[in-house]
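Student: Have a look at this one.
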Amino acid sequence: MSSETSPGRRWSTVLNGHRLRHLRRQRGLSQEQLADQAGISLTTIGRLERDPAAPCRSRTLGRLARALGEDPARLTPATHP
């Protein structure tokens, strides 16, 4: 089985969903606007924002950080606002 479909490797990082929501609101963006700007689904934005330690793919973290104008590390649970 390839690493892309292996259940153990599906998620490659963790995102602080509450921080994501805070940064999105701080920038005056709706979930839909952020999803459009980051090129990810609205469903994914909602799932990530509900979890303080949401598993996600590294590329998703990068897309969200880019759309928010943030360093990806600022969206991980290990960092403080």
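The values are calculated or read from the model by the stated rules, or taken from the named source; none is laboratory data. Note that this is a predicted model, so its numbers are computed, not measured. No Cβ is skipped: glycine too gets one built from the backbone with ideal geometry, and neighbour counts run over all protein chains shown.
Student: Within segment 45-58, how many residues are farther than 11 Å from Gly17 by Cβ and outside any helix (DSSP H, G or I)?
Tutor: Total meeting the criteria: 1.
Student: Is it the case that some residue within segment 10-23 is modelled with pLDDT under 90 and not small (Gly, Ala, Ser)?
Tutor: yes
Student: Restricting attention to segment 51-81, which residues are of a type in the set (D, E, K, R) and surrounded by 12 or more Cβ atoms within 10 Å (Cβ to Cβ)? First the steps, then the outcome.
Tutor: Looking only at segment 51-81, we keep the residues that are of a type in the set (D, E, K, R), and these are 51, 57, 59, 63, 66, 70-71, 74.
Result: Asp51, Arg57, Arg59, Arg63, Arg66, Glu70, Arg74.
Student: Which residue, of Pro81, Pro52, Pro72, is in contact with a His (Cβ under 7 Å, 6 or more places away or on another chain) and either at pLDDT below 95 or not polar (S, T, N, Q) (or both)?
Tutor: On the way: Pro81 fails: in contact with a His (Cβ under 7 Å, 6 or more places away or on another chain); Pro72 fails: in contact with a His (Cβ under 7 Å, 6 or more places away or on another chain).
It is Pro52.
Student: If you don't mind, another one. In segment 22-44, how many residues are touching a residue at least 24 places away in the same chain (Cβ under 8 Å) and assigned to a helix (DSSP H, G or I)?
Tutor: Residues flagged as touching a residue at least 24 places away in the same chain (Cβ under 8 Å) and assigned to a helix (DSSP H, G or I) within segment 22-44 amount to 6.
Student: Do you know which of the residues in segment 22-50 that are closer than 19 Å to Ser12 by Cα and among the basic types (Lys, Arg) is surrounded by the most Cβ atoms within 10 Å (Cβ to Cβ)?
Tutor: Arg47
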